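For reference, the structure discussed in these notes is given below.
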Amino acid sequence: MTMKDEITITVKDQEGNIHELMCPLEMGLSLKDICKAYELPMEAMCGGMVMCATCHCYILNEIAVLPEKGDMEEALLSELFTTTPASRLAYQIQLTAAMDGLSIEIAQN
């Protein structure tokens with residue numbers, strides 16, 4: 001059995017447009033990195049330092065095995081008015097083969 005070297009992720013932007021992203025795994029990209037590569041409207045002003053929450057997104061399906069939220073991510077998300085149980089910071093999620101078929105929505109900032 002060979003490991004997948006590319007996965008597909010679906011992203012809904014703030015206007016409701018659906019984007020299907022082909023994501024290479026060998027580059028060690030985060031969910032934010034791949035959104036930026038496709039020029040989707042996700043800011044991430046702090047560069048992944050867990051300081052701004054401008055990479056806030058919602059996980060729309062439970063297909064993926066996502067890493068647990070860290071304490072800093074939990075704390076920052078708790079300060080937002082738009083947080084739901086499905087909220088995550090895209091910079092904190094490294095892409096893995098288990099995430100094939102993941103669907104997210106970029107939060108309004």
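The values are calculated or read from the model by the stated rules, or taken from the named source; none is laboratory data. Treat the numbers as computed from the prediction; the structure is a model and nothing was measured. With ideal geometry, Cβ positions are generated from the backbone for all residues, glycine too; neighbour counts draw on all protein chains shown. The area values use the complete protein model at the heavy-atom level, side chains included, leaving out ligands, DNA and RNA. Shrake-Rupley method; radii C 1.70, N 1.55, O 1.52, S 1.80 Å.
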- Per-region count, the range 55-81, residues under 19 Å from Glu6 (Cβ atoms) and either open to solvent by less than 30 Å² (accessible area, probe 1.4 Å) or free of Cβ contacts under 8 Å to residues at least 40 places away in the same chain (or both): 3
- Message: I'm trying to understand the selection: among the residues of the range 64-109, which are assigned to a strand (DSSP E or B) and either at positive phi or β-branched (Val, Ile, Thr) (or both)?
- Response: Ile104, Ile106
- Task: Sort out which residues of the range 84-100 are touching a residue at least 24 places away in the same chain (Cβ under 8 Å), open to solvent by 20 Å² or more (accessible area, probe 1.4 Å) and of a type outside the set (Ser, Thr, Tyr), and write them in order of number.
- Result: Ala86, Gln92, Gln94, Ala97, Ala98, Asp100
- Working only within the range 40-54, note down all residues that are farther than 18 Å from Gln108 by Cβ and either within 14 Å of the chain's Cα centre (by Cα) or touching a residue at least 60 places away in the same chain (Cβ under 8 Å) (or both). Gly47, Gly48, Val50
- Message: Restricting to the range 29-54, and then to whatever is open to solvent by 60 Å² or more (accessible area, probe 1.4 Å) and among the aliphatic types (A, V, I, L, M), can you tell me which residue is nearest to Tyr91 (Cα to Cα)?
- Response: Met49
- Return the total of residues in the range 13-28 being charged (D, E, K, R) and surrounded by 10 or more Cβ atoms within 10 Å (Cβ to Cβ). 2
